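*Asks:* Encoded as structure tokens, here's the structure I'll be asking about.
The values are calculated or read from the model by the stated rules, or taken from the named source; none is laboratory data. Because the structure is predicted, anything quoted here is derived from the model rather than measured. Methodologically, a virtual Cβ is constructed for each residue, glycine included, from the backbone with ideal geometry; neighbour enumeration extends over all protein chains shown. Accessible surface areas use protein heavy atoms only, side chains included; no ligands, DNA or RNA. Shrake-Rupley method; radii C 1.70, N 1.55, O 1.52, S 1.80 Å.
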Amino acid sequence: QVQLVESGGGLVQPGGSLRLSCAASGSIFSIYVMGWYRQAPGKQRELVATITSGDSTKYADSVKGRFTISRDNVKNTVFLQMNSLKPEDPAVYYCKASSAYSHYWGQGTQVAVSS
């Protein structure tokens with residue numbers, strides 16, 4: 001089993017920045033990719049960014065150039081640096097970890113953008 005705990009959400013003005021963190025614990029040796037997803041009210045959950053154990057990254061077109069995913073292998077933590085936040089970015093942001101056999105989700109952290 002893998003446990004994921006997200007933090008760092010909050011309220012920010014348009015154009016502002018937030019940094020989300022996802023701390024992983026448990027059977028993390030089995031994890032080969034971690035990512036951030038988001039779900040806005042009334043919408044499906046969508047991929048934001050992923051990072052593999054080899055540090056390959058992938059981003060949704062809507063966040064390219066604004067968001068950066070990274071990882072700290074010592075702290076078993078994945079980060080999502082979000083810059084230039086837009087009114088369309090608010091959602092609950094979820095961390096996901098995948099092994100060959102299972103997917104694990106965190107509880108989510110709320111991001112709001114408002115002036």
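*Asks:* Return the sequence-ordered ³J(HN,Hα) values of region 11-17 in whole Hz as given by the Karplus equation 6.51 cos²θ - 1.76 cosθ + 1.60 applied to θ = phi - 60°, using x for Gly and Pro.
*Replies:* 9, 9, 6, x, x, x, 10
*Asks:* Could you name the lysines in cross-link range of residue 75, using Cα to Cα under 26 Å and dropping any fewer than eight places away on the same chain?
*Replies:* Straight-line reach from residue 75, under 26 Å: 58, 64, 96.
*Asks:* First measure r as the distance between the Cβ atoms of residue 13 and residue 107, then evaluate 1/(1 + (r/R0)^6) with R0 = 22 Å and state the FRET efficiency to the nearest 0.05.
*Replies:* Efficiency at R0 = 22 Å is approximately 0.30.
*Asks:* Starting from the Cα of residue 84, step 7 Å along the direction of its Cβ; do the same at residue 56; then give the gap between the two resulting points in nm.
*Replies:* Going by the 7 Å Cα→Cβ label model, 2.6 nm.
*Asks:* Moving on to the next point. Test of the criteria: in region 12-47, which trypsin sites (Lys or Arg not before Pro) are in a DSSP loop and have at most 11 other Cβ atoms within 10 angstrom of their Cβ?
*Replies:* 43
*Asks:* Continuing with the same structure: Per residue of region 49-65, what does 6.51 cos²θ - 1.76 cosθ + 1.60 with θ = phi - 60° give for ³J(HN,Hα)? Whole Hz please, x for Gly and Pro, Karplus curve as stated.
*Replies:* 7, 9, 9, 8, 5, x, 6, 6, 10, 9, 10, 5, 4, 5, 10, 4, x
*Asks:* Right, here's the next one. From largest accessible area down, sort 55, 72; use a 1.4 Å probe on the protein chains.
*Replies:* Per-residue accessible area, sorted high to low, gives 55, 72.
*Asks:* Kindly report the accessible area of the chain per residue (heavy atoms of protein chains, probe 1.4 Å, no ligands, DNA or RNA), in Å².
*Replies:* Here the residues of the chain average 54 Å² of exposed surface.
*Asks:* Counting just the Cα atoms, what span does the chain cover along each of its three principal axes? Round to the nearest Å and put the largest first.
*Replies:* So the extents along the principal axes, rounded to whole Å, are 42, 26, 23.
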